Amino acid sequence: MVKQVVMTQTDIKEYLPTHDKRRMLKPAVTFRKTGIITINKVAAKRMGLSAGDRITFCQDENSHGDWYLKKHPEGILLSPGKLGRCLAYWKYIVLKIFESIDFYGSSVSIPVVCDPDEKGLYPLITRAAKDSTRVYDSCEYEQPSQYTRV
């Protein structure tokens with residue numbers, strides 16, 4: 001006896017690199033606890049930044065979690081990075097930003113607005129920073145509002 005195999009038509013979705021939304025970078029600045037600051041290619045291009053430029057970071061005195069990037073002749077020097085990125089090193093400011101936004105991880109990528117205001121400030125969207133190192137205490141399951149950060 002011969003068994004018949006019935007094939008049903010399947011719907012196939014083809015993926016190509018152009019469909020990979022991770023490749024469509026949004027302008028962002030990445031801060032690492034080691035002090036390395038990386039401005040991605042999209043942000044650097046849209047802000048007109050390149051290796052050899054100097055930048056600084058500014059903090060809102062009334063809202064300590066609000067930070068801005070600004071070109072400044074006495075700021076930190078940007079170095080060339082891979083894939084069109086700009087790199088800098090300033091551990092003090094990275095730790096200051098982490099502290100002000102209550103971030104305890106090792107690195108965070110913060111979106112940046114590439115249209116400066118009248119003072120030449122580029123706002124960093126710090127509320128987008130997420131801390132993945134938060135550790136919850138066992139009492140949290142009994143009282144959801146209490147947690148402990150390590």
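Contour minus end-to-end for Tyr15 and Ser109, with contour as 0.36 nm per residue of separation and end-to-end as the Cα-Cα distance?
Length gained between Tyr15 and Ser109: 31.2 nm.
For segment 107-119, putting each phi into the Karplus relation 6.51 cos²θ - 1.76 cosθ + 1.60 with θ = phi - 60° gives couplings of 7, 8, 9, 10, x, 10, 7, 8, 9, x, 7, 5, 8 Hz, in residue order, rounded to whole numbers and with x for Gly and Pro.
Bear in mind these aren't lab numbers, they're just calculated from the coordinates by the rules spelled out. Only a predicted model underlies this, so the values are computations on that prediction, with no experimental measurement involved.
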